[in-house]
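The values are calculated or read from the model by the stated rules, or taken from the named source; none is laboratory data. This is a predicted model, so every value here is computed, not measured. Quick reminder, even Gly has a Cβ in these numbers, built from the backbone with ideal geometry, and neighbours come from all protein chains shown. The accessibility values were calculated without ligands, DNA or RNA, using every heavy atom of the protein model including side chains. Shrake-Rupley method; radii C 1.70, N 1.55, O 1.52, S 1.80 Å.
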Amino acid sequence: MTAWEKSVGRKMAIVNTYRRFDENFFNASDEQFAARGTTLMLSWAGGDTRLITMGRYDELIRERARELKAFGRPVLLRYRWEMDRPNLRAQMWSGADYVAAWKYVRAIFTAEGATNASWVWCPTVEGFQEATRTSSTPATTRSTGTASTSTPAPGTTRSAR
């Protein structure tokens, strides 16, 4: 990243990092970026939507929420980005299932006081093309959030309804 920033002549304002569903959110690199004022965007893979809403992963989700809260800085949280990709249908089930899981996960984060997240909804561009829309594609459901282009002040959230 340092070499890239040198080549473009500035520090990146946002750095995106990917995490598996069961992986801790922050590492030493993330801490260094945050310490210099860079906003982190965590792209969190998520899990099977129906298992999430059945409560199977509640403790894992609570742990991630507490970890985010303890981080203490604004974070862009891109929960299960590109949820409408064909290779994810077995985990997403349907648009309604995805929306239910999104709301379920957000409720746990709220209950844990993880209010330093701006939630980013990120379907694929193909999800918005009429020719590829199906009733099982989350992008065709009513959005439960919007992509955020700014970060909230510490201790605040952006509502995604």
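Key figures
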quantity	calculated
Potential extension, ALA96-SER29 segment - 0.36 nm per residue separation minus Cα distance	20.5 nm
Gain on full stretching of the segment that runs from LYS6 to ASP22 - 0.36 nm per residue minus C-alpha separation	2.4 nm
Inter-site label distance for ARG50 and GLU126 at 7 Å from Cα along Cβ, in nm	2.4 nm
Carbon and sulfur %, accessible surface of segment 31-83 computed with the full protein complex present, 1.4 Å	45 percent
Cut-off 15 Å between beta-carbons: net charge of the residues surrounding PHE33, Lys and Arg +1, Asp and Glu -1	+2
Neighbour cut-off at most 16 other Cβ (10 Å), DSSP loop, trypsin sites (Lys or Arg not before Pro), segment 1-42	ARG10, LYS11, ARG20, ARG36
Mean accessible surface per residue for segment 1-137, computed with a 1.4 Å probe while every protein chain stays in place, in Å²	51 Å²
Cβ-defined net charge surrounding ASN116, 9 Å radius [Lys, Arg +1; Asp, Glu -1]	+2
Heavy atoms of ILE108: accessible area, 1.4 Å probe, square angstrom to 10	20 Å²
